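Asks: Starting off with a structure, shown below.
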Amino acid sequence: MFSWWEKIVDYLVYGVFALDANTTMGSAIHFFIYDIVKIFILLITIIFAVSYLRTWFNVEKVRAYLQGKSQFTGNILASLFGIITPFCTCSAIPLFLGFLQARIPIGVTFSFLISAPLNNEIAIAMLFGLFGWKITALYIGFGLLIAIIGGYLIGKTNAEKYVLIDVKPMEGCCENPEISFDSKARIKEAWDYTMDIFKKIYIYVILGVGVGAFIHGYVPTDFIVKYTGGDAWYTVPLAVVLGIPMYSSAAGVMPLVEVLTSKGMLLGSALSFMMAVTALSLPEAMILKRVLHIKLIAIFFAIIGSGIILIGYIFNAIL
C-alpha cells in the first residue's frame, strides 16, 4: 500500500541525506519519516471515512446488534478481521479509533487492536516458512485466543468511561436512520471531526514513533539470549519485558526470532518476545495515552501480557 512512499523515503534518506542504510542512524531516520507519514495518512483517511459514513447511517443499530449477540460474537469477528489487516500496533490505532467512532463496543475494538499486529498474513507466511505449518497453526490459534479473551475481559470492565476522546452519538433514533445533511455539509462535518481528533493525538504519534525509531536498528540479540536463552521459569516473562520497549511489525521482528532460536532461546520464549514487540509496544502506549486513560492502558497491557506469558510457557512445554 505504501511502497510508493517507501521509495520516496529511500531516495530522501539514502540519496538526498546521503545516509548509509546499514547504520543505526540511517535506519532510524528512514523508519521515523516513513512511519510518521504512513500513520498520519491512515489516521486522516480512516477517521474521515468513518466520520463521513456516520452521516449516512445510524451506527447505533450496528452497536445494538453487536451488543445483542453472544458476548464472544463481536470479539471473534474483530479478531478474525485483524488477520487480514497487515498492521503493526501503531498502524492499527487509526482503525481502532474508527471503531470507537462507530460506537462499536470497546471490548470488540480491543480484540481487533490485539489481533491485527499478532496475526496478520505477513507474520503467518513468514512463520510458516521458518517453522512449518504445525507451529504456525498453534501460533494463529493462541494469537486469536489472546485477542478474543483479552477483548472480552476488557469489555467486562466497563472501560468506555476511560475513553478520552469525544465519541458522539448519532442524531435521530434507531427506527429512523435518515439524517438531514447535504453532501457539502456531510464532508464538512466529517472533516471538522477528523481534524479535531488529529490535533489531539498527532504529537503523541510523533513521540511514539520517535521512541520506536530510536530503538529500531539496535537490537541486542546477545544480551537478550544471555538472560532468556535458558529454561528457567523467569525466561518467558523476561522475554516479554524486554520486548515491550521495542517497536516493529511481525514481519520486521520475525528474522530476529529466527536468530534468537538459532542461538539457543526456546521457541516459546522467542515467540513471547515477538508477541510483546508486536502487540505491546511502548510507542503504542504513548499514542494511546492521548486517547485512553492510563488505567485502561494498564488493564490492556496486564491482560495481554499475562496471556502472552502463558502461551510462552505452553509452547516451551509442548515443543
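Asks: Obtain the nm distance between the two label points defined at T157 and F214 by a simple spin-label model: each point lies 7 Å from its Cα along the Cα-to-C-beta direction.
Replies: With each label point 7 Å from Cα toward Cβ, the separation is 2.6 nm.
Asks: Separate question: Output the peptides 137-145, 95-103 sorted from most to least packed, where packing is the average of other Cβ atoms within 10 Å over each peptide's residues. Intermediate results must be reported in sequence, preceding the final value.
Replies: Numbers: 137-145: 18.7, 95-103: 21.8.
Going from most to least packed, we get 95-103, 137-145.
Asks: Hey, another quick one. I'd like to compare 260-269, 148-157, 11-20: which one has the highest average count of other Cβ atoms within 10 Å, and what's the full order after that? Could you put the intermediate results ahead of the total?
Replies: Working: 260-269: 19.2, 148-157: 21.0, 11-20: 13.0.
With the highest mean Cβ count within 10 Å placed first, the list reads 148-157, 260-269, 11-20.
Asks: Show me, for the range 32-42, the HN-Hα J-couplings you get by feeding each phi into the Karplus relation (A = 6.51, B = -1.76, C = 1.60, θ = phi - 60°), rounded to Hz, glycine and proline as x.
Replies: Values, residue by residue: 5, 5, 4, 6, 4, 5, 4, 5, 4, 4, 4 Hz.
Asks: Suppose R0 equals 41 Å; then what is the FRET efficiency for E6 and L80 from their Cβ-Cβ distance, rounded to the nearest 0.05?
Replies: 0.90
Only the coordinates and a few stated rules stand behind these numbers; no lab work does. Computed from a prediction, not measured in an experiment: that's the story for all the values here. Positions of Cβ are generated from backbone atoms using ideal geometry, with glycine treated the same way; all protein chains shown enter the neighbour counts.
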